[in-house]
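Just so it is clear, none of the values below were taken in a lab; they were calculated from the coordinates. What you see is a predicted model, and the numbers here were worked out from it, not measured in a lab. Neighbour counts are summed over all protein chains in view; Cβ atoms, including those assigned to glycine, are modelled from backbone coordinates with ideal geometry.
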Amino acid sequence: MELDERKLKILQGIIRNYLDTGEPVGSRTISKYTDLNLSPATIRNEMADLEELGYIIQPHTSAGRIPSDKGYRLYVDNMMKEKEQELKEKEKEVDDMREFLNEKVDKVETLLKNMAKMLANNTSYAAMISAPSIHKNRLKFIQLSQVENHKMLCVMVLEGNIIKNKIIDVNEEIDNETLLKLNILFNSNLNGLTLEEINLSIISKMNGQAGAQLDLARSVLDAVAEAISSEDNLEIYTSGATNIFRYPELSDSSRAKELISTFEEKQMLSSLVDRDDDNREIKVYIGEETPVKTMKDCSVITATYELEEGVQGTIGIIGPKRMDYEKVVDTLKEFKNTLDSVYKKKE
């Protein structure tokens, strides 16, 4: 059932008031809070309908109402539609932030740690940023060279200029001419391919051309497959975890312990990292929608930044379900645009 304008305004009034106060909202409060000019009795009837429809709940018999996850979801979806229409990139703020970051940091790690701190300070919630990672590894270049008797160094350069090395044992010494031919063989057949694209036809062709060096060719193919398919440990930087103690609904001992543990473990946050190459939109998780079980009482908003095609990371804000969604979405968009532009400027 689609809500009429009156019910929608009352729901928005309940959510905004609850975001401000953290207290259940009654009909008399809403009668003063909105411009509907309705009596408390009329508002009570509308609130009863909203409760029946699942948009609000009554935590205690004598208390007012608070938003349900369904209510938050409707509020956020409507807000996001409005923001997409009215929000434009704030060029001066982005440029100022980019200049600040460029002056203060030289390394990616320091940059991301600083941004996590700035996000936590700007929003008063907890923040996380994942280091950029390759979402679909492609081999850009391969180089075989002899390092000592019966040992070859295989250097593989992957998309995103990530370098992987592998020492390969060989049964005999290989002369420079043969080594050159092997390097041409590997690069002409494998460059630009993902693991899925290195099919049996390509492997058979290379094995046939390798001749007496068939065993070495197979070892190199194994090294390439290992390099492309291996996933480095995902690095996640966090800040502001103790901000959750500001919100009573998250600060009781059991909830707080779980959340702090999640931030300390960090790898538990990996399920928030977006690995969809085609999706760079802002994502909002409310309550049970959140992929991290310990955050079922929270809301999480994430955005994906990109260094170059396929090299991405995730920025996220974690807070109570009554978080200031509009402010967080605005802040994340600014930080995402800043991070994108910082990297583009460095290229």
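Whole-Hz Karplus values for region 282-295 come out as 5, 10, 10, 10, 10, x, 5, 5, 5, x, 9, 4, 6, 10 Hz, taken residue by residue from phi with 6.51 cos²θ - 1.76 cosθ + 1.60 and θ = phi - 60°; glycine and proline positions read x. Here the Karplus curve 6.51 cos²θ - 1.76 cosθ + 1.60, taken at θ = phi - 60°, turns the phi angles of region 111-120 into couplings of 4, 5, 5, 5, 5, 4, 5, 5, 4, 4 Hz, with x standing for Gly and Pro.
Electrostatic bookkeeping for residue 56 treats Lys and Arg as +1 and Asp and Glu as -1; over the other residues with beta carbon under 15 Å from its beta carbon, the sum is +4. Pairwise Cα separations in region 5-67 fall into 5 Å bins from 0 onward with the following percentages, short to long: 4, 21, 36, 28, 11, 1. Per-residue Karplus couplings for region 199-209, computed as 6.51 cos²θ - 1.76 cosθ + 1.60 with θ equal to phi - 60°, are listed in order as 8, 4, 4, 5, 4, 5, 4, 5, 4, x, 7 Hz, Gly and Pro entered as x. With K and R counted +1 and D and E -1, the other residues having a Cβ less than 13 Å from that of residue 288 yield a net charge of +2. The residues neighbouring residue 66, those whose beta-carbon lies less than 10 Å from its own, together hold a net charge of +1 under the Lys/Arg +1, Asp/Glu -1 convention. Of the cross-linked pairs 70/113; 140/333; 257/327; 81/336; 117/257, those separated by over 29 Å at the C-alpha level are 70/113; 140/333.
Under a 5 Å amide H cut-off, with hydrogens placed 1.01 Å from N, residue 140 pairs with 157, 158, 159, 192 among residues at least 5 apart or on other chains. Shown for 110, 123: other C-beta atoms within 10 Å of each C-beta, ranked fewest to most, produce the order 110, 123. Note on 157, 25: ascending count of other Cβ atoms within 10 Å places them as 157, 25, the fewest first.
Dimensions of region 139-229 from C-alpha coordinates, computed as largest minus smallest value along each principal axis and given longest first, are 32, 27, 19 Å. Each peptide in 185-194, 291-300, 53-62 gets a packing score, the mean of other Cβ atoms within 10 Å over its residues, and the list from highest to lowest is 291-300, 185-194, 53-62.
Sorting 262, 242 by the number of Cβ atoms found within 10 Å of their own Cβ, with the fewest placed first, yields 242, 262. Annotation: amide H of residue 281 has no partner in the under-5 Å range at sequence separation 5 or more or interchain, hydrogens built in the peptide plane.
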